[in-house]
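Every number in this text was worked out from the coordinates using simple rules, so none of it is lab data. The model shown is predicted, which means the values in this text are computed figures rather than measured ones. Cβ placement follows ideal geometry from the backbone for every residue including glycine, while neighbour counts extend to all protein chains displayed.
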Amino acid sequence: MENNATNKTESAAPGEFKSAVDGKCPRCRTGNMFEGPLLSFKSKKMYTHCPHCGLKFEKEPGYFYVAMYVSYVFVVAELVTACVATYILTRNMESPWLYLTVAITAAVVMAPFNYRYSRVVLMYWLTPQFRYRPDLYGKPKK
Ligand SMILES: [Zn+2]
């Protein structure tokens, strides 16, 4: 059996996509980015620094404004999906109110998801500085 610490650590770390879904820190994939799970009242509370590796999540002032653009893409995709699904289910071509209601409901229901995952996508895939560092995974804080 090989006793290489680096290989062992790397194989133990979850994949990039799973870490992103779980809202883990993009650098160490160990610390949580948010204080609570997605479906909780604390789900909007975000740590300023990774509780595990100390990475500062808001790397510069206004950094998270960029997440609004990601969120916008999410909302458009969700509204289109919701309205197409409504059309397929009801075949309604007359009532704009039906589609308006569906669109607003979808936007409100998906808001916590959009808020959280727009930031996750921004940090994981749109910020090259936040590279995963396998040496930080799972190790205790200094
Ligand atoms: Zn971290």
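Before moving on, here are some points about what is shown:
- For the chain, the dipole from Cβ point charges (+1 on Lys and Arg, -1 on Asp and Glu) about the Cα centre works out to 580 debye, to the nearest 20.
- Neighbour counting of Cβ atoms within 10 Å sorts the residues 22, 135, fewest neighbours leading, into 135, 22.
- Placing unit charges on each Cβ (+1 for Lys and Arg, -1 for Asp and Glu) gives the chain a dipole about its Cα centre, and among 71, 43, 108 the Cα reaching farthest toward its positive end belongs to 43.
- For the chain, relative contact order (Cα pairs under 8 Å, six or more residues apart, normalised by length) works out to 33 percent.
- In order through the range 38-44: 3J(HN,Hα) via Karplus (6.51 cos²θ - 1.76 cosθ + 1.60), integer Hz, x for Gly, Pro: 4, 9, 8, 6, 8, 4, 7
- Residue-span extension gain [residue 101 to residue 133] - 0.36 nm each, minus C-alpha spacing: 7.0 nm
- Among 65, 117, the order by Cβ neighbours within 10 angstrom, fewest to most, reads 65, 117.
- Taking Cα atoms only, the orientation of helix 66-90 departs from the longest principal axis of the chain by about 40 degrees.
- Each 5 Å bin from 0 upward holds the following percent of the Cα-Cα pairs of the chain: 2, 9, 16, 18, 15, 11, 9, 7, 5, 4, 2, 1, 0, 0.
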